[in-house]
């Protein structure tokens, strides 16, 4: 029995925070969102020529490589260099594009109207970063690994989430009677230090105490 190709093994793990499948790439602004989301997170791998269900479609030309280069350098800020490897598997050409974790976060993607947006990788999706997650991404450039002390507001947030887990930003603003930008900044710090986790309920970002915090 022939050994299973390493790319097939990778495909078998499924899409997630560091892996995405694309059958084709024909839209530079759209793929820039994925590149930016990976760079703002821990980096990732993009398999081009692979359908969403993991089956091999293969690419038809070199256009995909060109489109990735255009996306990385014209639609990402700072520019993102994408590393390529090409494989022939079952008679089909598959591109493995590796996007390294960025060292100058946050990274922005330019849309078709020329506006720049920050994206974050959440599970297997590249989502527009909320104001809170923007703060978290900015902090990832720092070298701090432990929080030295909590502010009064940060203690208020932690105490509130003990009794009311999965609170939204608006619920925290209302409950603590504090301006939104102050809570956004404090949440960013607490999430960065893994004291609070982020979830989604009905597509709304929610916050809860981290079980390991």
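Bear in mind these aren't lab numbers, they're just calculated from the coordinates by the rules spelled out. Note that the coordinates shown come from a computational prediction; the quantities given were computed from them, not determined experimentally. Ideal geometry is used to build each Cβ from the backbone, glycine not excepted, and the neighbour counts take in all protein chains shown.
Ordered by the number of other Cβ atoms lying within 10 Å of each residue's own Cβ, fewest first, 110, 139, 85 fall into the sequence 85, 139, 110. The ratio of the alpha-carbon radius of gyration of the stretch 1-115 to the globular-protein estimate 2.2 N^0.38 Å is 1.05.
Length gained on full extension, residue 51 to residue 179: 41.6 nm, using 0.36 nm per residue less the C-alpha separation. For the stretch 96-136, the C-alpha radius of gyration divided by 2.2 N^0.38 Å, with N the number of residues, is 1.25. Estimated from the Cβ-Cβ distance and a Förster radius of 30 angstrom, the FRET efficiency linking residue 116 and residue 10 is about 0.45.
Within the listed set 156, 23, 135, the residue fluctuating most in the Gaussian network model of the chain (springs between alpha-carbon atoms under 10 angstrom) is 156. In plain terms, the bigger the Kirkwood radius, the slower the diffusion; for the stretch 14-68, with that radius from Cα pairs, at 20 °C and 1.002 mPa s, Stokes-Einstein puts D at 186 µm²/s. Considering only 155, 166, 141, the mean-square fluctuation computed in a Gaussian network model of the chain, springs between alpha carbons under 10 angstrom, is largest for 155.
Working ranking of peptides 186-194, 61-69 by packing, defined as the average number of other Cβ atoms within 10 Å per residue, highest first, is 186-194, 61-69. Residues 48, 36, 178, arranged from fewest to most other Cβ atoms within 10 angstrom of their Cβ, appear as 178, 48, 36.
Potential lengthening of the chain between residue 66 and residue 202 amounts to 45.2 nm, from the contour at 0.36 nm per residue minus the alpha-carbon distance.
Is the C-alpha gyration tensor of the stretch 32-96 telling us rounded, prolate or oblate? Criteria: a/c under 1.5 is rounded; beyond that, a/b larger than b/c is prolate, otherwise oblate. It comes out prolate by the Cα gyration axes. Which residue, 202, 40, 120, has the most motion in a Gaussian network model of the chain that connects Cα atoms within less than 10 Å? Sorting by GNM fluctuation, first place goes to 202.
When 45, 13 are sorted by how many other C-beta atoms sit within 10 angstrom of their C-beta, beginning with the fewest, the order is 13, 45.
Each label was represented as a point 7 Å from its Cα along the Cα-to-Cβ direction; for residue 141 and residue 210 these points are 2.2 nm apart.
Looking at the chain from every direction and averaging, what is the projected area of its Cα convex hull in nm²?
14.1
Helix 63-74: angle to the longest alpha-carbon principal axis of the chain, degrees 0 to 90, nearest 10? Helix 63-74 and the main axis of the chain meet at about 30 degrees. Each of residue 24 and residue 42 was given a label point 7 Å from its Cα along the Cα-to-Cβ line. The distance between the two points is 3.4 nm.
Based on the Stokes-Einstein relation at 10 °C and a viscosity of 1.306 mPa s, and on the Kirkwood radius from alpha carbon pairs, the stretch 153-213 is assigned a translational diffusion coefficient of 141 µm²/s.
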